[in-house]
Structure formats: C-alpha cells, structure tokens
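Down below is the structure, laid out as structure tokens.
What follows is calculated from the coordinates using simple rules that are stated; it is not laboratory data. Bear in mind the structure is a predicted one, so any value in this text is a computation, not a measurement. Counting neighbours? That spans all protein chains shown, and the Cβs are built from the backbone with ideal geometry, glycine included.
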Amino acid sequence: MNTNKLFLIFKREYITRVRTKSFIISTILAPVAIILLIAIPIILQLTETEKRQVIGVRDNTGTVVTRLIESNPDRYTAAPLVDIDSLRSLVLNGNLDGYIIITEDHVISGSEVELLYTGSGGMGLISEIRSDIRMALQNERLDRAEVGDVVKDILAMRTQLRTRKITPEGEETQDTLALFMIGYIMCFIIYGAMFGYGAIIMRSVIEEKTNRIIEVITSSVRPFELLMGKVLGVGALGLTQFMIWSLSAAGLLAIAGPITAMIMGNRVDSSTMTADQVAATSELPFEIPSIGAELWITFVLFFLLGYLIYSALFASVGSAVDSESDTQQLMLPIMLPIILPMLFLGRVAQDPDSTFSVITSMIPFFAPMLMPVRVAMTDVPAIEYFGAVILMALTFVGLIWLSSRIYRVGILMYGKKASFKEMAKWIRYS
C-alpha cells in the first residue's frame, strides 16, 4: 500500500468537503439548534398565559366540593342543583368547561370519578384535576376516620429518590439518570452518524463511477488505497464536525443552567408558592451533568470504529450500483445491524451488567451504539471494553478487505445493478 497516495486521497476528500457550503451550514446550524432548544422552552414558560378552566362540582356528600374549591378556587365551583342534561347544557353553552359528580360511593369505596368536559386544557388539566380529586377524597376519608394531623402529615409526605454512583476508588459521581441520558444521547448521535457519513461515502462512490472519473483515478491508484483514503477522509470530516459541535454545546450548556435558574428565580415568587411547588422548584435540574474524559474518549473511539465498519459496507454498496435509487435492495443488510441496537437500548439501560447487555455491547456491529451507554451507566470491566475495541478493529480490517475486492470490480461495472450473488463472485476474483 502506497501511503503517499493514500494520504493524497485522504487530503483531497477532507479538504474538498470541509470547504463545501453544506458542511459549513450544517456545522453552524447545530449550535443554533442547541440555542433554540434551550431558549424556546424558557420563552414559552415566560410568555405562558394560563387559560382559566372552570369545572363544576356536583357534590352529594356536601364536603368534598369545599375541599376542591379551597385547593383551587379559580378552577372549581359548586355546580347548580339541576339535572344531568342541564349540566351538559351548561358545558355546551360555555358557562362551564366541564363538570364532575361526587357521591358517597366515591368516598367509601374509591370508585372512579368521571369528568365530562369540552376537551380544552389537554393532558395537563386532566392530570391536575385527578390529583386534586385524589387529595380531596383522601382528606375526607381521613377526617371521617378521625385521624390526627400528625398522621395526615405523614401520609402527605412524598419521599424522593436521588441516585449517585460510587466508583471503585470511593468517589461519588452524578445522578445515574443523568449518566444514562448522556449515554442515550451519544448512542443516538452515533446512530445518526452511521447513516449520515456512510451515505456520504456511498454517494461519493456512485458520483465518481457515474461521471467516469473513477476510471482515470484507478489508472494510478489501487482500489484499496482509493477506498481507504475516502473512508479515512470522510471519517476525519465527521470527527472535525463533532469536535466543533461538542465544544459549542459544552459552552452553551455551561451557561444554560445559571441563566435559566436566574430567569425562573426572578419569575417565581416563593411567598405565594405552596409547599409542593417550593419542593418541585428546588429540585429543578439546572445543573448540567458533566461528561468525564473516559466517556468522551469512549464516544470518539466507538464513533470512529463504528464509522469505519459501516463506511466500508456503504462503499461496497455504492460501487455495485449506478444510481442511488438502486441501492434500496442492497441496503437492508447494512441497515438492520444499525437499527437493532436501538431496539436493545431499553434492555441494556435496564440492566447494563446483564449477560445480554455484555454480549450485545461486544458484537462489533452493535458496540458503537451500546457500549457508550454501558460506560456511562456502570463500570465496564477492561476486558469487555478493550475486547469490544479489538473485535471492532478486526471486523473493520476484514470488512475493508472484502469491500475493497467488491470495490475494485464494482467501480468499473456499468449499466447493471449487481446482486449479492454477483458481489460474492467479485470477492473471489483474483
């Protein structure tokens, strides 16, 4: 293998693509998207104007309606003592947004309470009414049982669970849920990169083949060198883009928490908040979880190895067809091993140390997506970690050899879409 020629191809692929408008625009748009994802929820929260939803309460017990009105006087009102059809008419005419009927059976047996409403308010309204009714009925039962205030306070307590991971060195790390979310995001980034950058390789091969440029190039460069140069060049392009995105995201997220907390803190008046609201506000996750060096290295390493494996496959598909529309039939064997890890993600997150998680995260085609999730959530043994790396590297070597043999024949084939059987013959050509 001529390293000088390989480097020239690598340099051409990288410099040509890094200067394109599509690369520059996509690189800029990602940080802008992050800004929007942070800013839009804050703006919506600040500009939110809650529409008053009036719910009529027909209370046959005579006491529950008082509790509901005390909990939220702007929402609940005592419904007039009229028949059901008249209540429905009040809703249809807009005098009420909905109504509920409370009976002794709801207090005694805890049977289901029915809300009839116009549909406005969405799931948020339903959730709040459900919570209000549950609390009002619970307090009514406690009062009837003549339970003291101490018992009521005990029953009203809602203990929260916060998890922290402890390392073998005895150090405490951040919340396990935050660590899972970091691994989950990395998994999806790598998942998208496999498709995105692999498709760039495939389209590049098809374009050069269609324009007959490849015939000139292969007269002075071996197909293996050409394929390897393309793969490494686009891989370096992807790594460059990810580094820019990562630095931008780190800077933006570092200031997002304090700014959000400051804005929300100024907006909320703690003197008018209930105890539950104060507790909820104090637990708002404004602290952005940090990403350790080990996880960053894992992300970059498994992205590169995963990209190398799949780009070799995408290149072989591109060399076997004359247009992108002809690739559908040949893409299924490549897409399946990329999609399957996403189906296993929930199982791996549920128990990252299980036999299933260990085996699937070491399969070379699945490891790029699953291993970063395990590394984020648990301490992966070195033998499993480096075993997955070695298996992926060996898989790439084998695939790049097979792909180069398909590539050397396929790039000179025109006017015919190759089948898997023909591609297997190309591999055996001497």
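Report, in whole Å, the centroid distance computed from the Cα atoms of region 293-330 and region 189-203.
Centre-to-centre distance over Cα atoms comes out at 6 Å.
Would you mind putting 293-301, 59-67 in packing order, based on average other-beta-carbon counts within 10 Å, highest first? Don't skip to the end; give the middle numbers.
Values: 293-301: 15.3, 59-67: 17.2.
Result, highest mean first: 59-67, 293-301.
Let me check against my output: what whole-number percent is the relative contact order of region 346-396, with C-alpha pairs under 8 Å and at least 6 apart? Numbers along the way, then the final one.
Numbers: 45 pairs, mean separation 18.9, N = 51.
Result for region 346-396 is 37 percent.
Name the shape class, rounded, prolate or oblate, that the alpha-carbon gyration tensor gives for region 1-152, where a ≥ b ≥ c are the square roots of its eigenvalues, rounded holds for a/c under 1.5, and otherwise prolate holds if a/b is larger than b/c and oblate otherwise.
Numbers: a/c = 4.29, a/b = 2.91, b/c = 1.47.
Since a/c reaches 1.5 and a/b is larger than b/c, the shape of region 1-152 is classed as prolate.
On full extension of the chain, what length is gained from E294 through D353, given 0.36 nm per residue of separation minus the C-alpha to C-alpha distance?
On the way: separation 59, 0.36 × 59 = 21.24 nm, distance 1.82 nm.
Residue separation times 0.36 nm, minus the Cα-Cα distance, leaves 19.4 nm.
I need the shape label for region 333-404. Rule: rounded when a/c is under 1.5, else prolate if a/b > b/c, else oblate, with a, b, c from the alpha carbon gyration tensor.
Values: a/c = 2.97, a/b = 1.47, b/c = 2.02.
Verdict is oblate for region 333-404.
Given 0.36 nm per residue, what is the gain on full extension from I244 to R203 after removing their alpha carbon distance, in nm? If you can, show how the numbers build up before the last one.
Details: separation 41, 0.36 × 41 = 14.76 nm, distance 2.42 nm.
Fully extending the segment from I244 to R203 adds 12.3 nm.
Around L116, which amide H atoms from residues at least 5 apart in sequence, or from another chain, sit under 5 Å from its own amide H, with H modelled in the peptide plane?
It is Y99, by chain and number.
Suppose we keep just the DSSP beta bridges with both residues in region 1-122; what percent of those would be antiparallel, to 5? Don't skip to the end; give the middle numbers.
Numbers: 3 of 11 bridges.
Roughly 25 percent of the DSSP beta bridges within region 1-122 come out antiparallel.
Kindly state, to the nearest 0.05, the FRET efficiency for A33 paired with E70, given R0 = 51 Å and r defined as their beta-carbon distance. Spell out each step's value before the answer.
Details: r = 45 Å, r/R0 = 0.88.
The computed FRET efficiency comes out at 0.70.
Using alpha-carbon positions, what is the distance between the centroids of region 356-425 and region 17-31, in Å?
If you average the Cα positions of each part, the centres end up 28 Å apart.
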